[in-house]
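Report on the following structure.
The numbers here are math on the coordinates, done by the rules we state, and not lab data. Keep in mind that this is a model prediction, so the values were computed, not measured. As a convention, Cβ positions derive from the backbone with ideal geometry for all residues, glycine included, and neighbour counts pool all protein chains shown.
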Amino acid sequence: MQTIMTHTNWLEALLVERTRTFVDEFGSFYAWLEGSYGGDTLLLWMSNSMVEEVLPQLPRKFKGRIVLGLDISEDHLVPFARALHWANPRRALVVRSGEGLGLAYPGRKEVAEGEWVAWEDPLEARHLEVALRPEFTYYEVRAYAPWEAPAPASLPTFEGPRVGAVGWENGIPTYGLGLVGLDRSLETLLGAWRMR
């Protein structure tokens with residue numbers, strides 16, 4: 001069983017003071033950033049540890065709503081699927097290391113701790129029991145389906161997030177967004193999606 005520890009940093013405390021926030025049953029922290037009238041809702045999902053690098057790169061002006069989702073898991077599928085429920089976005093971006101846009105994932109499954117193989121039969125993947133706190137555990141099937149998407153804008157590309165397939169399966173276009181040059185890439189995407 002894997003235990004995930006949570007912590008609240010000063011940026012989360014600042015977001016609580018200035019925006020509508022929420023912590024779900026998986027310990028994921030959400031902050032709703034409201035832009036001007038007329039845009040869609042965008043989920044910007046990231047590891048909890050990335051928020052200090054991401055927050056200064058967010059646009060000052062945009063249309064619609066950007067929901068910051070801070071993930072305390074290790075990029076697990078179940079918390080991301082729940083984030084799609086809570087944020088109810090039109091699109092989702094999963095922040096990762098790299099630059100540009102993640103447009104595809106080949107599909108992989110974990111068969112033993114740290115041992116990843118090509119996607120085939122997901123039933124053979126490792127089942128991980130995750131304890132977020134003593135009274136809350138869940139099971140994570142470590143199988144991530146392949147997916148591929150057309151580019152919404154002209155940006156450098158890299159391998160997309162492994163959780164992307166769950167967004168596409170639910171009708172939510174989901175891409176990776178590189179931490180390097182995130183501000184420029186995000187501005188380009190917001191322009192393509194008429195959120196600027």
ask   = Please identify the GluC sites (Glu not before Pro) of segment 131-196 that satisfy two criteria: DSSP loop assignment and at most 12 other Cβ atoms within 10 Å. Which are they?
value = 135
note = In whole angstrom, the spacing between the Cα centers of segment 46-74 and segment 84-117 equals 16 Å
request  = Please name whichever of 35, 84, 181 sits farthest to the positive end of the charge dipole of the chain, dipole taken about the Cα centre and charges placed at Cβ: Lys and Arg +1, Asp and Glu -1.
outcome  = 35
note = Debye calc, one equal point scatterer per Cα of segment 8-80, no solvent, log10 I(q)/I(0) at q = 0.11, 0.28 1/Å comes to -0.26, -1.44
task = List the chymotrypsin sites (Phe, Trp or Tyr not before Pro) within segment 87-192 that fall in a DSSP loop (any state other than H, G, I, E or B) and whose Cβ has at most 11 other Cβ atoms within 10 Å.
result = none
remark   = In the chain the DSSP beta bridges are antiparallel at a rate, in percent to nearest 5, of 55 percent
task = State, in angstrom, two size descriptors of segment 1-126 derived from its alpha carbons: Rg to one decimal place and Dmax to the nearest whole number.
result = 16.0, 48
message = Helix-only mean residue ellipticity at 222 nm, the chain, DSSP H runs n ≥ 4 weighted -39,500 (n - 2.57), per residue, nearest 500. What is it?
response = -5500 deg cm²/dmol
task = At 4 °C and 1.567 mPa s, grab the translational diffusion coefficient of segment 95-142 from Stokes-Einstein with a Kirkwood Rh over Cα pairs, rounded to a whole number in µm² per second.
result = 100 µm²/s
key: Nonlocal amide H pairs with residue 157, under 5 Å, H built at 1.01 Å   = 101
ask   = Counting only residues 5 or more places away or on other chains, whose amide H sits under 5 Å from the amide H of residue 196 once H atoms are built in the peptide plane?
value = 63
query = If all Cα-Cα distances of segment 67-196 are sorted into 10 Å bins from 0 onward, what percent lands in each bin, rounded to whole numbers?
reply = 12, 40, 35, 12, 1
task = Ratio to report: Rg/Rh of segment 115-155, with Cα atoms as the point set and Rh obtained by the Kirkwood method; give two decimals.
result = 1.19
ask   = Mind listing the phi-derived Karplus ³J(HN,Hα) values for segment 36-50, rounded to whole Hz, using 6.51, -1.76 and 1.60 with θ = phi - 60°, and x for any glycine or proline?
value = 7, 5, x, x, 8, 9, 10, 8, 10, 9, 8, 5, 3, 6, 8
